[in-house]
Amino acid sequence: MWGSFFRMGFRVLMRQKKFFLLNLAGLTIGIVAFVFIYLYVENALYYDRSWKNYQHIYRVNETYSTGGKAEKMALTPYLLAGKLKDNFPGIIESTRLFFTDPSDKNDVSSVDYGGKMYDIPNLTIGDTRVFKIFNYHFTEGNPDSCLVHPNSMVLSLAMKKTIFGNKPALGKKLKTSIRTYTVTGVFDKTNRPSHLEFDAIISTNSLDKHEQQQLYTNWFWMNCYTYVELADSVNVKKFVQRVNYFADTAIGHYIQKQKIKISGYAHLNFQPIQKIHFSKGLLYDSHSNINITYLYIFVTVALFILLMASINYINFATARSLKRVRETGVRKVMGAFQKQLMLQYISEALIITFTAFILSLSLVELLMPAFNSLVNRHITLVDSLFSGSGLVFGFLLIMFMLLLALFSGSFPAFVLSSLKPVEVLGGRGLILRSNKKHVFTTVRLRKFLVVVQYLVAIGVIISTLIIAAQVHYVKNRPLGFDKKDVVVINSPADTSFRSRAANFIMALKTDTNIEQVTTASSLPGYLTEKILVRSGDSAVGHLQTLDGFFVGYHYFDLLKIPLVKGKYFSAVKPNDSVEPFIVNEAAIRFLGLKHPLGSFLYTPYAKKGRIIGVVKNFNFSSLHQKVEPLIFVLRPQFIQYVVVRINPHKKKEALAHIRNVWKKYNKGYTMYYTFLDQKLDTLYRSDQKMLSLFFYFSLFVILISALGLFGLSSFLIEQRSKEISIRKVLGGSEKQIVLMLVKEYLVLVLIAGALISPVVYYFIGKWLNSFAYHIHLNLCYFVAGILLVLLIAFFTVLLQALFMVRKRPVDALKYE
Amino acid sequence: MIETKQLKKVFKSADIETVALAGIDLKVEEGEFVSVMGPSGCGKTTLLNLLGMIDVATSGDYFFMGKDVCSLREKQRTHLRKENIGFVFQNFNLIEELSIWENIELPLIYQGVKKSERKRLIMDVIDRLEITHRKDLLPVQLSGGQQQRVAVARAIITRPHLLLADEPTGNLDSMHGEEVMNILDELNKAGMTIVMVTHSHHDASYSRRIVHLFDGQIINENLNRI
Ligand SMILES: Nc1ncnc2c1ncn2[C@@H]1O[C@H](COP(=O)(O)OP(=O)(O)O)[C@@H](O)[C@H]1O
Ligand SMILES: [Mg+2]
């Protein structure tokens, strides 16, 4: 019996191609968007849950303050992991990974194999314990011994494939400009979404002896992520208290021994590893972290998209069924039972939903690479759908499609079959009268549903506009210095560069397209040093933490940072006994200096110094933050970067010159460089990502709502074809009638806009407040968003209205 | 007022061609009341639609008040119709979402008549047709006869020179039919030109001239003796 229903269903659908395609398209788009968002959210929630004991793994974070505001960071001193393991039996395992800034490349970032250079995007330093906690599957080598020897390197499978293809890598030598490493293992990151992003680890004992010595004693050198695995029995809260007591004591001893004068506090926090992906507000945290509110937003949008698609679907199906009043009447007269009618409708609905289902999964698979590059993930449909929670999702999705088919199929059958066949088949007046109420209520319901769709569409579009405006704003706001046309070159990691640096810089300056050159170890947009400072010229007072920049001569004139008082470094004579400092205005307020020029400052960097200049506040970190107190220390010999201002009109020539000079002075080293403004743009990567996601949401939502409106208006306007004809006969012009038809829908859009605007205002306002500097919300964004949707709605309905109005009135006025 | 020469209308659908009108020569003078009679399907409605310019002829000439309708553009035809012609249909064709008042008001709105003037005109007409107390009801709330009176009111509100009525009593019982015919008679006596399609000899007896159609052709014209 079902077979014949399906056959009949196919025939019916093929005869109504427009309906079929509209319905299929709407549903497919909806499911595609929904599945993508599901996959993303599922992946995000699965972060760091694949480690064998993940519920007991914690990262140790640190909150510290030395007066002023407390800093929270994800980094801890290297020695912490070992000290904890030695002193607390509750810790089963502990390990640490060095912090490295993957955006700040140097020679170790690229390795030479067989005469070819390969880029290792993210390299870190660790020891064998890493793999005790993070139990990656090893395709080559032994996780227990791979990082035991100096100059060992362990590669991710993807990295290994890039360098060695399918050949084994074990024992192969990789050369950097400084050392030669031996590949001792290959680990597989597949299906282990994690905040750990390294592509390679080198063994800690590869570092030089002096540095290693420091690592084992210094409590203030925060350069590592520390991870611990606790025993099941441990009461974490109490345990953390004991750990802090221990650390306080140890730091106390260290301060005493080192004779450092400092006050304040440090507090260690244990963060469950699966929460890292959503953590925020920590310095030096993982780049891949996401704001959990984004997830909530995505889930909400996904549900709305699915809801919209379902609404459209039901809207189409019921609208269409009303056109079939007569058919239903005939069938009933011919003796069809209500159940059979229902089965007929449901089988038609099933055909559509399942075609949509298969179509959308194929589309998802097809678009997966594009999606992955958009969200920067490695998600595969098969892995996600056929693993534990994915199976449930797949099952739920199928159930949902079934329900949708059942509901949309049985609703019209139910309504129509409750009409008496005599009424349906009777005179024209009778049909109209018996349907009047029914038509009226469903029209109202449909209009309500359209408003709901437009709520979502307008909301998403206004948000997108505002996010775009804010992203544009942060990228273009004057920062208080000139970020344009500044090339930042990473100096080679080998220490001998220092001796070549002066000549290198001299050579750079010989070209007329080079306007200025300086050196620095800190720049706006890069990570800053934290410097302990005590103000005053006596030994009283305590150390306070300031952001610190180590810079060379001409730093300020190159970046065009204006002076408020005093002098630049280049204007003072070197003086061995008193170090010159320059501070920003925020630092003066922070330190409470009434007469800053000439004030004495002490730093643990030994010598006493005095302030020789005050510069205007400029934004040296992202515009999420206000300008913090900042101190500049003159260190021409600390050359992490060579900074070059070039002729804006001769960029190519300038870069060519720089490259030439580099080659001459740094044979064998890759030149890594970036433009300062581009580097600053990366501070807004997550905002940019949010923007592009919202952009795609907008596309989806616009598409679905336009489809919905198209279907609905085509149905409603068709229903009014007779009225339209009468109006034409009575002298209504095309323009008047089209306007009348379109106006109703535009009013719906306006209502939706008015309803959603306050909601958007509230939520987007919250988002904007995460920036210390942001655009001011004004009516324009809301008006623009509503106008945009209005325009789309206008053309959607116009198409239908024109089509109907262009018809000769005779056709619709015929009465059989 | 009306003159047609060899007016033809052919409907083409997928595979059949229907000749609805096969060359009509018809003259209607100002102030005349003409009935069109004939069996179902002979082309009466088609003829009325052509005369009313809501459809265009396949070939032939049609002069309305001296203007060559066939050579006019859609917009000009609409304009000509709006100014001069009123319609009454067998099935009334009232707009169901609009009240009686609003239905009658519609042609005036489309003519751009001012609100106060509209009110005066409507009051005048509904008073004459005795539907004043029903002006706020919806069409479904009226009987067939009352609906047709509203339709007539709507057709004449703009004081057209020509009233086209397609079986205006077809859906009415004889008592209500009589009422409508009396109204048409009065309108004609006041000077309005009327062309009416009917099946009823009684209704036709109100008119001065009867045109008999058969298979799309005029087979007989005769004057009613009064
Ligand atoms: N829109 C149309 N398409 C095709 N044929 C039509 C159309 N309108 C009328 N006809 C045909 O033209 C002929 C005349 O129709 P009509 O003028 O409605 O007749 P009457 O009003 O005299 O009953 C009929 O055979 C009818 O089937
Ligand atoms: Mg007819």
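Inspect all residues belonging to segment A:701-714 and state whether any of them is out of contact with any Lys or Arg (no Cβ under 7 Å at 6 or more places or on another chain), closer than 30 Å to B:ARG73 by Cα and touching a residue at least 60 places away in the same chain (Cβ under 8 Å). Steps first, answer last, please.
Taking segment A:701-714 and keeping what is out of contact with any Lys or Arg (no Cβ under 7 Å at 6 or more places or on another chain), we get A:701-711, A:713-714.
Then keep just the ones that are closer than 30 Å to B:ARG73 by Cα; that gives A:713-714.
From the residues that got through so far, the ones that are touching a residue at least 60 places away in the same chain (Cβ under 8 Å) too are A:713-714.
Yes, some residue in segment A:701-714 is out of contact with any Lys or Arg (no Cβ under 7 Å at 6 or more places or on another chain), closer than 30 Å to B:ARG73 by Cα and touching a residue at least 60 places away in the same chain (Cβ under 8 Å).
Of the listed requirements (1) surrounded by fewer than 19 Cβ atoms within 10 Å (Cβ to Cβ); (2) under 30 Å from A:ILE458 (Cα atoms); (3) not aliphatic (A, V, I, L, M), A:TYR684 misses just one: (1). Here B:ARG159 meets each of (1) closer than 21 Å to B:GLY43 by Cα; (2) surrounded by fewer than 16 Cβ atoms within 10 Å (Cβ to Cβ); (3) among the basic types (Lys, Arg) with one exception, condition (1).
For segment B:148-166, check the following and say yes or no: at least one residue is out of contact with any Cys (no Cβ under 6 Å at 6 or more places or on another chain), at pLDDT below 90 and farther than 25 Å from B:GLU30 by Cβ. Checked segment B:148-166: at least one residue is out of contact with any Cys (no Cβ under 6 Å at 6 or more places or on another chain), at pLDDT below 90 and farther than 25 Å from B:GLU30 by Cβ. For segment B:162-214, the set of residues classified as within 14 Å of ligand 2 (Cβ to nearest atom) and assigned to a loop (DSSP other than H, G, I, E, B) consists of B:GLU167, B:PRO168, B:THR169, B:GLY170, B:ASN171, B:THR198, B:HIS199, B:SER200, listed by residue number.
Within segment B:159-208, the set of residues being more than 14 Å from chain A (Cβ to nearest Cβ), within 16 Å of ligand 1 (Cβ to nearest atom) and within 18 Å of B:ASN84 (Cα to Cα) comprises B:VAL195, B:MET196.
Exactly one residue out of B:LYS5, B:LYS114 is free of Cβ contacts under 8 Å to residues at least 24 places away in the same chain and away from ligand 2 (no atom under 16 Å from the Cβ): that is B:LYS114.
Being in contact with a Ser or Thr (Cβ under 9 Å, 6 or more places away or on another chain), more than 16 Å from ligand 1 (Cβ to nearest atom) and either within 10 Å of chain A (Cβ to nearest Cβ) or under 24 Å from B:THR193 (Cβ atoms) (or both) is a property that holds for B:VAL113.
For (1) touching a strand residue (DSSP E or B) at 6+ places or on another chain (Cβ under 7 Å); (2) away from chain B (no Cβ under 14 Å); (3) at pLDDT 90 or above; (4) not in a helix (DSSP H, G or I), each residue gets a yes or a no:
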position: A:GLU653; (1), (2), (3), (4): no, yes, yes, no
position: A:ALA656; (1), (2), (3), (4): no, yes, yes, no
position: A:PHE710; (1), (2), (3), (4): no, yes, no, no
position: A:LYS728; (1), (2), (3), (4): no, no, no, no
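Considering the conditions (1) crowded, with 21+ Cβ neighbours inside 10 Å; (2) assigned to a loop (DSSP other than H, G, I, E, B), A:ILE611 is excluded by exactly one of them, (2). Within segment A:568-578, the set of residues being surrounded by fewer than 21 Cβ atoms within 10 Å (Cβ to Cβ), touching a residue at least 24 places away in the same chain (Cβ under 8 Å) and under 43 Å from the mean Cα position of the chain (by Cα) comprises A:TYR568 only.
Restricting attention to segment A:106-123, the residues being in contact with a Phe, Trp or Tyr (Cβ under 6 Å, 6 or more places away or on another chain) and surrounded by fewer than 20 Cβ atoms within 10 Å (Cβ to Cβ) number 1.
Would you confirm whether or not segment B:125-145 contains a residue that is closer than 26 Å to B:GLY38 by Cβ, assigned to a loop (DSSP other than H, G, I, E, B) and facing another protein chain (nearest Cβ under 10 Å)? Within segment B:125-145 (the criterion being closer than 26 Å to B:GLY38 by Cβ, assigned to a loop (DSSP other than H, G, I, E, B) and facing another protein chain (nearest Cβ under 10 Å)), the answer is no, since none of the residues qualifies. Could you figure out which of (1) within 12 Å of another protein chain (Cβ to nearest Cβ); (2) within 16 Å of ligand 2 (Cβ to nearest atom) isn't true of B:THR78? Single failed check for B:THR78: (2). Looking across segment B:81-97 at every residue that is of a type in the set (D, E, K, R) and either buried (at least 19 other Cβ atoms within 10 Å of the Cβ) or within 16 Å of ligand 2 (Cβ to nearest atom) (or both), the one that is nearest to the other protein chains (Cβ to nearest Cβ) is identified as B:LYS82. Total residues in segment B:41-68 satisfying the condition of being within 11 Å of ligand 2 (Cβ to nearest atom), surrounded by fewer than 22 Cβ atoms within 10 Å (Cβ to Cβ) and free of Cβ contacts under 8 Å to residues at least 60 places away in the same chain: the figure is 1.
Are there any pairs, at least 6 apart or on different chains, whose C-beta atoms fall under 7 Å, with the first in segment B:78-95 and within 16 Å of B:MET181 (Cα to Cα) and the second of a type in the set (Val, Ile, Thr) and within 16 Å of ligand 2 (Cβ to nearest atom), and if so, which? So the pair list comes out as B:PHE87/A:VAL729. Among the numbered conditions (1) more than 13 Å from chain A (Cβ to nearest Cβ); (2) buried (at least 17 other Cβ atoms within 10 Å of the Cβ), the only one that B:GLU30 does not meet is (2). Annotation: A:GLN678 fulfils all but one of (1) free of Cβ contacts under 8 Å to residues at least 60 places away in the same chain; (2) within 30 Å of A:GLY115 (Cα to Cα); the unmet one is (2). Taking the stated definitions as given, is A:PHE36 farther than 30 Å from A:LYS530 by Cα, assigned by TED's automatic domain parsing to the domain that holds A:PHE134, buried (at least 16 other Cβ atoms within 10 Å of the Cβ) and at pLDDT 90 or above? Answer is no for this residue.
So, B:GLU102, is that one under 26 Å from B:LEU48 (Cβ atoms), acidic (Asp, Glu) and within 10 Å of chain A (Cβ to nearest Cβ) or not?
Details: under 26 Å from B:LEU48 (Cβ atoms): yes; acidic (Asp, Glu): yes; within 10 Å of chain A (Cβ to nearest Cβ): no.
When the stated conditions are applied, B:GLU102 does not pass them.
Residues in segment B:171-194 include none that are among the charged types (D, E, K, R), crowded, with 19+ Cβ neighbours inside 10 Å and modelled with pLDDT of 90 or more.
Out of A:ASP494, A:ASP576, one residue alone is in a loop (DSSP other than H, G, I, E, B), more than 19 Å from A:LEU634 (Cβ to Cβ), among the acidic types (Asp, Glu) and in the same structural domain as A:ILE611 (by TED's automatic domain parsing). It is A:ASP494. Of note, A:ARG96 satisfies the criterion of being at pLDDT 90 or above, buried (at least 17 other Cβ atoms within 10 Å of the Cβ) and of a type in the set (D, E, K, R).
The values are calculated or read from the model by the stated rules, or taken from the named source; none is laboratory data. Remember, predicted model here, so these are calculated numbers, not experimental data. In this analysis, Cβ positions are derived from the backbone assuming ideal geometry, glycine residues included, and neighbour counts consider all displayed protein chains.
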